[in-house]
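Visitor: Just dropping this structure here.
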Amino acid sequence: SREERLEIAVRLAQRRRTTVLLSGPEDIAADGSAAWCVTGGSDLMSKVTGTGCMLSVLCGVFAAVEPDRLSAAALASAFWKVCSHRAEMEAGNRGPGSFRAALMDAAAAVTSADFAAEAQVERLH
């Protein structure tokens, strides 16, 4: 459940004194004192090897321009979910290979206006 995943992320963040991004159908970003939930995206992400690794890289990219680590993690997650949703719509039912190509295309094409309009981020505490 969301509550269990939130508790896990918060405890790990507190224990390690860092920011945690727990990815899944709903991503949870927590730093021990605040937490965000990011929804949306595509179930096809689990069918393409490396999408979690790509999200890790995006966290680094966002952290390079956003000094708050929690915000950077939540923004990276939201960006990747927006891209995956767009990729699923573009790839249709052609399969994970088409989805992966569409995911790369979506990452290159999403504008800041698209991102602001489509991101689904909720503050949990």
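Visitor: So how far, in whole Å, is the C-alpha centre of segment 8-56 from the one of segment 86-125?
Guide: 17
Visitor: Could you work out Rg/(2.2 N^0.38 Å) for the chain, with Rg from alpha carbons only?
Guide: Its radius of gyration relative to the 2.2 N^0.38 Å reference: 1.03.
Visitor: To continue, here is another question. In a shell of Cβ-Cβ distance under 10 Å around GLU118, excluding GLU118 itself, what net charge do Lys and Arg (+1) and Asp and Glu (-1) give?
Guide: +1
Visitor: Right, something else. Starting from the 7 Å offset along Cα-to-Cβ, what nm value, one decimal, do you get for the label separation of GLN120 and MET89?
Guide: 1.3
Visitor: Out of segment 91-125, which trypsin sites (Lys or Arg not before Pro) are coil in DSSP terms and have no more than 12 other C-beta atoms within 10 Å?
Guide: Passing both the DSSP loop test and the Cβ count: ARG94.
Visitor: What does the highest-first list of 108-120, 17-29, 72-84 look like by mean Cβ count within 10 Å?
Guide: 72-84, 17-29, 108-120
Visitor: Can you sort CYS53, CYS37 by solvent-accessible area, 1.4 Å probe, largest first?
Guide: Sorted descending by solvent-accessible area, the residues read CYS53, CYS37.
Visitor: Next question. Quick one: angle between helix 51-65 and the longest Cα principal axis of the chain, in degrees between 0 and 90, rounded to 10, please.
Guide: Tilt of helix 51-65: around 60 degrees.
Visitor: Using only protein heavy atoms and a 1.4 Å probe, report how much of MET89 is accessible, in Å² to the nearest 10.
Guide: Here the residue's solvent-accessible area equals roughly 120 Å².
The values are calculated or read from the model by the stated rules, or taken from the named source; none is laboratory data. Keep in mind the model is a prediction, meaning the values are calculated, not measured. Cβ: placed from backbone, ideal geometry, glycine included. Neighbour counts: every protein chain shown. These accessible areas exclude ligands, DNA and RNA; they are computed on the full protein's heavy atoms, side chains included. Shrake-Rupley method; radii C 1.70, N 1.55, O 1.52, S 1.80 Å.
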